[in-house]
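Structure, as structure tokens:
Please treat every number below as a calculation from the coordinates, not as lab data. As the structure is a computational prediction, the values presented were derived from the model and not from experiment.
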Amino acid sequence: MQNGFYQATGAMVTQFNRLNVITNNLANANTIGYNRDDVVIADFERIFKETRDVLPLENNTKDAAKFLNRTIDRVPNIDDVYTDFSAGAMKSTGNKLDVAITREDAFLLVDTPNGVRLTKNGALSLDSEGFIVTKQGYRVLPTNYAALPENRRGIEIPQNVQLTITPDGNVYGDDVELGQFFIAQPREPRNLQKEGDNLYELPDFDDEITRLDASGALRQGFVQTSNVNPVTEMVNLIETNRLVSTYQKVMTTHMEDLNNEAISKLASVRA
């Protein structure tokens, strides 16, 4: 059994998965409010030890762990994919509706066909009814959205008013308060699940969200750009491609050179 072949194969698959994450980051380098993803790589043995007590099969127990193949189980695997919520650069737009979210732990709430979601994208506009919406047409929710009729959940802006949005999310038109953005803080950002374009879902929404009243998190007339550093991602891309090439050479060596050598030596042995 050629353990090295299986190690190289597992490692190459891991790098392919990492490559998918890197290319997705690069594809969204110019997406407003996008937060980059990254991976944590660990060997299979470590992942197995962390989860073996909850695995459903009877032979996946502590006793069975004694018979692990110590060579194969050092194969690297993706242990976790996480999102880096550090703030990107602030870009001035001159649009009074745009807001940059300056805090890492702050999000806007938006009303989507699939339910309430969180977003970092503060590039906003008005829909045909005068409600503040995202570029995808999702209404940005105010603090009292739960008490509003479903078809009026949002912040409506009258025509021809001087619009002001405070750092705490209060929206004024000609010094008259029109509403306040619901600025959400997830209790555990690691539980956020990416969905579609710049949206995040929380499975236990009501228990996981805290409203920030005096957050100071918004900056009117700006948007937060992606926190992807194209140079860093390109370096990661080159590194990953080189690792894939190296593992491919290892696999070729095992499948061709070592096998040929073994066959040649075996054929030369006299009965």
Shape of region 97-183, Cα gyration tensor, a/c cut at 1.5: rounded
Nonlocal amide H pairs with THR112, under 5 Å, H built at 1.01 Å: ARG117
